[in-house]
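To start, the structure under review is shown below, and the notes come after it.
Each value in this text was obtained by applying a stated rule to the coordinates, not by laboratory testing. Please read all numbers here as calculations on a predicted model, not as lab measurements. Here the Cβ positions follow ideal geometry from the backbone for every residue, glycine too, while neighbour counts run over all protein chains shown.
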Amino acid sequence: MPRSTRGLAVVAGLAVLMAACNGSIIPHPQPAPTPTLGADASASAVATPQAPTPVPTLATVTYRVRSGDTLLRIATRFKRTIGQLITANPDITDPNHIEIGQLIVIPVADAPDIPPSIAVVNDPENDLVDELNFETTGPGYADLVGFAVRLNAADLLMELDLVTTPPNVDPAVETVSYVINIDTTGDGEPDYVITYANNLPGEPGYTASLRNRGTGEELTGVSFPGTVEVTKMSIKITASLDALGSADGKGEFSSAASVARAFEPDAPTDSSAEQSFDRAPDQQWPGNNPRWATVGR
């Protein structure tokens, strides 16, 4: 084979090899290497410097979970939504639990986006704060360690996980109020508020209430459109989707839970008075960039 023909064959072989390498699946986005410029930068044989490789948008790729990853961080990194990742990875049953080394399918940019039907928020134990947001202490029934939301056919199920069971206490001495804010319009502000407390006006003991913040309508006690079940270390509350403005049972529901306790054995100014708050997620409305546990269909 003539020398010139052999040279062309080598170049063609290298081109095929490079094309095969570029077509492989990369587990996570990496910038393309910047070509090295020769002495004569104006020569036509010198490659033009290229921008970093963009996040894949036209094909499905896989990503291997690394230390510190969360599903939200992965979704943000690839410019996808959590709903898209969960839809593309049906083996993910808990959006808040992924394992290091787990392979996550990253779908195309316009892949179906279906919000999950369950959302779970874990909260540290002993992370109570006072009215000034300073760390404080309190009993286990005032300490949220988790909050879960599940969307059923006609109801929204919410579970507040506690350290100990809520006690029957005299509201004249100690008030305990569990509150769930629910955003149904996606504007980051609650449209409905569910309260389960021992100090609701005219109601004995712990009573559930649903308030529509838009109309001011409040359904309390026997009028509450749902159920409450108190177990050893949790409070399970259901509310009908119809009462939450979703007659067809569709839409997104974003929730956040909190518990407030005030212990005033003598008077609010008594030195032995105690007050504590706990929230799950910790960052909530009306603060900046509130977080929610979101479900929908």
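With charges set only on the Cβ (+1 for Lys and Arg, -1 for Asp and Glu), what does the dipole of the stretch 61-106 come to about its Cα centre, in debye to the nearest 20?
300
Report the calculated FRET efficiency for residue 114 and residue 153 (r = Cβ-Cβ distance, R0 = 22 Å), to the nearest 0.05.
0.85
Given the stretch 61-106 reduced to its alpha-carbon atoms as identical point scatterers, what log10 I(q)/I(0) does the Debye formula return at q = 0.18, 0.19, 0.21, 0.26 Å⁻¹?
-0.42, -0.47, -0.59, -0.97
Quick one, can you get me the convex hull of the C-alpha atoms of the stretch 198-297 expressed as volume per residue in Å³? Mind dumping the intermediate values first?
Numbers: hull volume 16.9 nm³, N = 100.
In the stretch 198-297, the Cα convex hull volume per residue is 169 Å³.
Which one of 173, 199, 231 has its Cα pushed farthest toward the positive end of the charge dipole of the stretch 118-296, where Lys and Arg give +1 and Asp and Glu give -1 at the Cβ?
Checking the options against the dipole of the stretch 118-296, the answer is 231.
Averaged over every viewing direction, what's the projected area of the C-alpha convex hull for the stretch 95-180? Give it in nm², one decimal, please. Provide the component values of the computation, followed by the final result.
Values: hull surface 39.2 nm².
With the hull built on Cα positions only, its mean projection is 9.8 nm².
Please state, as a whole number in µm²/s, the translational diffusion coefficient that the Stokes-Einstein equation yields for the stretch 118-296 at 4 °C and 1.567 mPa s, with Rh defined as the Kirkwood radius across alpha carbon pairs.
78
Highest mean first, how do 221-233, 250-262, 189-201 rank when packing is the count of other Cβ atoms within 10 Å averaged over residues?
In decreasing order of mean packing, 221-233, 250-262, 189-201 become 250-262, 189-201, 221-233.
Normalised by the residues of the stretch 145-297, what does the relative contact order come to in percent, with Cα pairs under 8 Å and at least six apart? All intermediate terms of the calculation are to be shown ahead of the outcome.
Numbers: 328 pairs, mean separation 39.5, N = 153.
In percent, rounded to a whole number, it is 26.
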